[in-house]
Amino acid sequence: MQRFQVGRARLRSVASITLTVLALGALWVALVLPDEMEDIAPGAFVRVPVELLVLVALSVVLPKRARRITAVVFGVVAGLVLVLKVLNIGYVVVLDRAFDPVIDTAFLGPAVGVLRDTEGTATATLAVVAAVLFFLAAVTLLPLAALRLSGIAAGHRRPALVSVTALGMVWILAAVTGLRLVPGSDLASASAVDRVYGDVRQLRADLHDRSTFKTLTATDAFTEVPDSDLLTALKGKDVLLVFVESYGRIALEDSSFAPEVVDLLDDGTQKLEKAGFSARSAFLTSPTFGAGSWLAHASLQSGLWVDTQQRYDQLMTQRRLTLTSAFGRAGWHTVFVMPNVKKAWPEGEGFYGYAESVDDNNIGYEGPTFGWSKTPDQFSLNALQEHVLDTSDRPRVMAEVDLVSSHHPWTPLPKLVPWQDLGDGSVFKGTRKESPSEEELFSSPAAVRDAYGESIVYTWRTLISWMRRYADPDLVMVVLGDHQPHSYVTGPDPGHDVPITILAHDPAVLQRVSGWDWQEGLRPRRDAPVWPMDSFRDRFLTAFGSQ
């Protein structure tokens, strides 16, 4: 019996020590975990978190009730900090920018939708369940860990004081001298404090920006322009505003794929000139990078710099003259062509001013899905022509056309097929077999870059082919990128510039923009003019309005 009791006592002792070590390890990892994937390495955890030293010190001096409350609050905060760090890691990996806890919560729902579209409902559901469980574990287990560690420190005051004093002196010395036991990782860590401080500063900045942007939205020089004076120089023209997904400056300048893109654009310039079309090109600086296309669309259309989700959400509640609504007021029939839109989008009519939508519900595509983009760009352009442009007794059309075959992950990619064979898209069945899976593609950085280049070539080849086929002398097109592709294509700090091109058959159209000093052809050179994207609306309305 005595041996049994001794065994139980040893077992309890081992269990107690194990729980204490686990509690200490969990808090340690949560507090020192870097918030960017590239910084995560074994050496990153060889650091002394000052926050943990403070917890132990307070646990020694505080009375029991205050100590327990402090431990719980500490654990909850540590759990939230851990969640924020993980979210930041994800945002940097996926969107190439830091997570803003005030603004970016709105992205979580759409992110699940994108995951569902690309990986399937089961994967998206598992991801949501995993995220919820992680959050619950972080804000539940870390407070329990803090309670455990606090109780141990209070029960062993002298060893706790000696330990915290010694580690505190080491921390101060390391903070002053920049001491590192492992290259790249400071021994003195205050990353949790830095994270909280940074988020509080970001909150203040977001609140200030909300007020600033409200003032900007209230001012619009074109609000009082009579409808009869809007876009008079484009009367009798069909005008297409074509966004090419991820079409950035890198597509024209990177040595691994730019030669093919450049050759295609230069050859396309000559072919379109033979068909009677001329082009002028330059660059716009997009407010976003790697993702967030809607921010670019809003900036171009509204004439305001929309570089955050907060600004976008705020703008959607305002009455603002967009390029589309200006065309609508001037008598054009306005159309939105976005094949990936599956649900009601009230902002399309309510804010942008679209009278008709060609989307997943009515585009008529029955072929296979191509990555995130279900419908190939060729089918989208053909649907625009069949459903809108070729209809009889119609008014002139202004359409925004979103071409998304160049959307990440750039596999599988469609191929241009004879236009007469398009039908309902079934002609594309079987073509996916030639493309690698996303996992296979992203195992090779060089292959990812090549696939991106191929996607841009496909879209431009399709556009050039369609223009030569349609060949309407009253057609005017504005073709531009929404943002640069992700950094695994561009590399670090590539800039936010995207190409933009105006094409027209009527020389009088391009004469209106002769003062812009844009370069001839479909391809802007390195020294082409660069404008902020939000400046385009005012310049366009001025150039083509009544003089």
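Since every read-out is calculated from the coordinates, none of them should be taken as a lab result. Just so you know, these numbers come straight off a predicted model, no measurement behind them. Cβ: placed from backbone, ideal geometry, glycine included. Neighbour counts: every protein chain shown.
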quick note, the chain, DSSP beta bridge pairs, % antiparallel (nearest 5) is 40
With r defined as the distance between the Cβ atoms of E439 and S256 and R0 fixed at 30 Å, what FRET efficiency is calculated, to the nearest 0.05?
-> 0.90
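Please arrange K64, K237, K415 by counting, for each residue, the other beta carbons lying within 10 Å of its beta carbon, fewest first.
Values: K64 10, K237 22, K415 15.
By the 10 Å Cβ count, ascending, the order reads K64, K415, K237.
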Student exercise, segment 153-288 dipole from Lys, Arg, Asp, Glu Cβ charges, in Debye to nearest 20 | 1040
In what order do V513, V46 fall by count of nearby beta-carbon atoms within 10 Å, going from fewest to most?
-> V46, V513
Which loop-located GluC sites (Glu not before Pro) does segment 217-313 contain, where loop means any DSSP state but H, G, I, E or B and the Cβ has at most 10 other Cβ atoms within 10 Å?
-> E224
Model label zone, L11; criterion: amide N under 11 Å from point 7 Å along Cα-to-beta-carbon; scope segment 137-163 = none
Additional length obtainable on full extension of the chain from V29 to D227, 0.36 nm per residue less Cα span = 65.1 nm
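Return the percentage of antiparallel bridges among DSSP beta bridges fully within segment 227-544, rounded to the nearest 5 %. Write down the numbers at each step before the final one.
Numbers: 16 of 41 bridges.
Just about 40 percent of them are antiparallel.
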To one decimal place, what Kirkwood hydrodynamic radius in Å is obtained for segment 250-316 from all pairs of distinct Cα atoms?
-> 14.5
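Just in segment 468-547: which trypsin sites (Lys or Arg not before Pro) are loop by DSSP and have at most 14 other Cβ atoms within 10 Å?
Sparse-neighbourhood loop trypsin sites (Lys or Arg not before Pro): R525, R526.
Using only C-alpha positions, report the orientation-averaged shadow area of the convex hull of the chain, nm², one decimal.
Seen from a random direction, the Cα hull of the chain projects 32.4 nm² on average.
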Please arrange I502, I250 by counting, for each residue, the other beta carbons lying within 10 Å of its beta carbon, fewest first.
-> I502, I250
Compactness of segment 2-207, expressed as Rg and Dmax over alpha-carbon positions, Å = 19.7, 67
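How long is the gain from A447 to V61 if the chain were fully straight, where each residue apart is worth 0.36 nm and the alpha carbon distance is subtracted?
Length difference between fully extended and current span is 133.0 nm.
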So which trypsin sites (Lys or Arg not before Pro) in segment 286-363 are both in a DSSP loop and have at most 11 other Cβ atoms within 10 Å of their Cβ?
-> R319, K343
Quick calc: nm separation of the 7 Å Cα→Cβ label points for V54 and R158 -> 2.9
Given labels modelled 7 Å from the Cα in the Cβ direction, how far is it in nm from S546 to I40?
-> 6.1
Nearest-20 debye value, the chain charge dipole, Cβ charges on Lys, Arg, Asp, Glu | 3420
Partner lysines whose C-alpha sits under 20 Å from that of K214, ignoring same-chain residues fewer than 8 away, are none
May I ask which residue of A146, L179, L27 lies farthest towards the positive end of the charge dipole of the chain, with charges of +1 (Lys, Arg) and -1 (Asp, Glu) on Cβ and the Cα centre as origin?
-> A146
Among the listed pairs K343/K374; K237/K274; K64/K85; K342/K429; K374/K433; K271/K342, give every one whose C-alpha distance is greater than 25 Å.
-> K64/K85; K271/K342
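Beyond 24 Å, what share of the Cα-Cα pairs of segment 227-544 remains, rounded to the nearest whole percent? Show your work: numbers first, answer last.
Working: 25754 of 50403 pairs.
Value for segment 227-544: 51 percent of Cα pairs lie more than 24 Å apart.
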What is the spin-label model distance, in nm, from E356 to Q385 if the labels are put 7 Å beyond Cα along the C-beta direction?
-> 1.6
Cα lying deepest toward the dipole's positive end in segment 227-544, options L510, P412, M477, charges on Cβ = L510
Please label the shape of segment 413-537 as rounded, prolate or oblate, based on the square roots a ≥ b ≥ c of the eigenvalues of the alpha-carbon gyration tensor (a/c under 1.5 means rounded; beyond that, a/b larger than b/c means prolate, else oblate).
-> oblate
Return the whole-Å distance between the Cα centroid of segment 464-539 and the Cα centroid of segment 395-416.
-> 16
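For segment 2-207, with only Lys/Arg (+1) and Asp/Glu (-1) charged at the beta-carbon, what is the dipole magnitude about the Cα centre, in debye rounded to 20?
Details: 19 positive and 14 negative charges, 351 e Å.
That gives a dipole near 1680 debye.
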Which of P499, P445, V401 sits farthest toward the positive end of the charge dipole of segment 400-511, with +1 on the Cβ of Lys and Arg and -1 on the Cβ of Asp and Glu?
-> P445
For T177 and D266, compute 0.36 nm times the residue count separating them, minus their Cα-Cα distance, and round to one decimal in nm.
-> 26.3 nm
